[in-house]
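Trainee: I'd like to ask some things about the structure below.
Laboratory data are not the source of any read-out in this text; all were calculated from the coordinates shown. Just so it is clear, the model here is predicted, and its values are computed rather than measured. Using ideal geometry, Cβ is built from the backbone for each residue, glycine included, and neighbour counts are taken over all protein chains shown.
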Amino acid sequence: MNTVISIVVCDDHTMFRKSLSLYLGTFKKVKVLKDFANGHGLVKFLQHHQPPSLVLMDIKMPVMNGYESTAFLKQYYPKVRVIAMSSFDNELAIAQILHMGASCFVSKNDEPDEICKAILHVHQYGYYMNKWMRYQQKNQVVPAMQLLTAKEKTILPLLCSSKTYDEIASISNISIKTVDRHRDEIFKKLNVQSRLNLALFAINNGIVV
């Protein structure tokens, strides 16, 4: 692959953002166009410049966070791929940004070469299953969706989102206890152990997009 991968880095921690940009600049296949402290800077940049191939996106940022920025890109620049980054491994936060269109998640605690692997793989294939994501799925078995009831199939996408159980209950017009019961049944039938596992399963198998 001889194509130069153009990148924008969005992260509110200045030292991390600048260090990452300098590190990536040492690779011939990568060109860092710009770095910003939040998604607002990215939006302004895109008003006057060609979009990059890929954005390294911190999840938690002031003014315009990773969720809002990823949603903006997927609406107006769908060809731009997003690699989500964070120093914390919050299952629902990661599930949400993956559900919104990020191609993968990379922890800031990973070794530096992990981000390079993610960049190359996402650019070439559109996704990257790193060690953290593979660990979340290591015992996952793909069962037949026919095991789910009609109601469970309706609730499954809601469980893959960042919505609270209260919100899911309200949207589905059922009690929280009933949501819990449906969740437990879905987990058992699909052989997953958490909402993140469920979201990854659903995304990878085309159940949600």
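Trainee: Rounding to the nearest 20 debye, state how big the charge dipole of segment 145-204 is about its Cα centre with +1 on each Lys and Arg Cβ and -1 on each Asp and Glu Cβ.
Mentor: Values: 9 positive and 6 negative charges, 25 e Å.
Dipole size: approximately 120 debye.
Trainee: Run the simple label-point estimate for Asp184 and Met15 please: 7 Å along Cα→C-beta, distance reported in nm.
Mentor: Distance between the two pseudo-spin positions: 4.7 nm.
Trainee: What residue among Ile171, Ile155, Asn191 has its Cα farthest toward the positive end of the dipole of segment 145-204, where the charges are +1 on Lys, Arg and -1 on Asp, Glu, each on the Cβ?
Mentor: Value computed over the given set: Asn191.
Trainee: Ok, one more. Full-extension gain between Lys163 and Lys34, please, as 0.36 nm times their residue separation minus the C-alpha to C-alpha distance.
Mentor: 43.1 nm
Trainee: When averaged across all projection directions, what area in nm² does the alpha-carbon convex hull of segment 145-204 cover? Walk me through the intermediate numbers first.
Mentor: Details: hull surface 14.5 nm².
For the Cα atoms of segment 145-204, the hull's average projected area reads 3.6 nm².
Trainee: Report the gain in length on full extension from Asn109 to Ala71: 0.36 nm times residue separation, minus Cα-Cα distance, nm rounded to one decimal.
Mentor: Values: separation 38, 0.36 × 38 = 13.68 nm, distance 2.50 nm.
Answer, rounded to one decimal: 11.2 nm.
Trainee: Same structure again: Averaged over every viewing direction, what's the projected area of the C-alpha convex hull for segment 1-82? Give it in nm², one decimal, please.
Mentor: Numbers: hull surface 20.3 nm².
If you wrap the Cα atoms of segment 1-82 in a convex hull and average its projections, you get 5.1 nm².
Trainee: Given an 8 Å cut-off on Cα distances and at least 6 residues of separation, report the relative contact order of the chain as a percent.
Mentor: Working: 307 pairs, mean separation 32.6, N = 209.
Relative contact order, the chain: 16 percent.
Trainee: When the helix-only estimate is applied to the chain (DSSP H runs of n ≥ 4, each -39,500 (n - 2.57), divided by the residue count), what is the mean residue ellipticity at 222 nm, nearest 500 deg cm²/dmol? Don't skip to the end; give the middle numbers.
Mentor: Values: 10 runs with 103 residues, N = 209.
Theoretical 222 nm ellipticity from helices: -14500 deg cm²/dmol.
Trainee: Short version: ³J(HN,Hα) in whole Hz for each residue of segment 103-113, in order, from phi by Karplus 6.51 cos²θ - 1.76 cosθ + 1.60 (θ = phi - 60°), x for Gly and Pro, what are they?
Mentor: 7, 6, 10, 10, 6, 5, 8, 6, 5, x, 5
Trainee: Treat each spin label as a single point 7 Å out from the Cα along the C-beta direction, and report the Lys44 to Val63 distance in nm.
Mentor: Between Lys44 and Val63, the simple spin-label model gives 0.6 nm.
Trainee: Computed over the Cα atoms, what is the radius of gyration of the chain divided by 2.2 N^0.38 Å, N being its residue count? Working shown, then result.
Mentor: Working: Rg = 18.2 Å, N = 209, 2.2 N^0.38 = 16.8 Å.
Normalised by 2.2 N^0.38 Å, the Cα Rg of the chain equals 1.08.
Trainee: When Ile171, Ile5, Ile207 are ordered from fewest to most other Cβ atoms inside 10 Å of their Cβ, what list results?
Mentor: Details: Ile171 13, Ile5 20, Ile207 17.
Ordered by Cβ neighbours within 10 Å, fewest first: Ile171, Ile207, Ile5.
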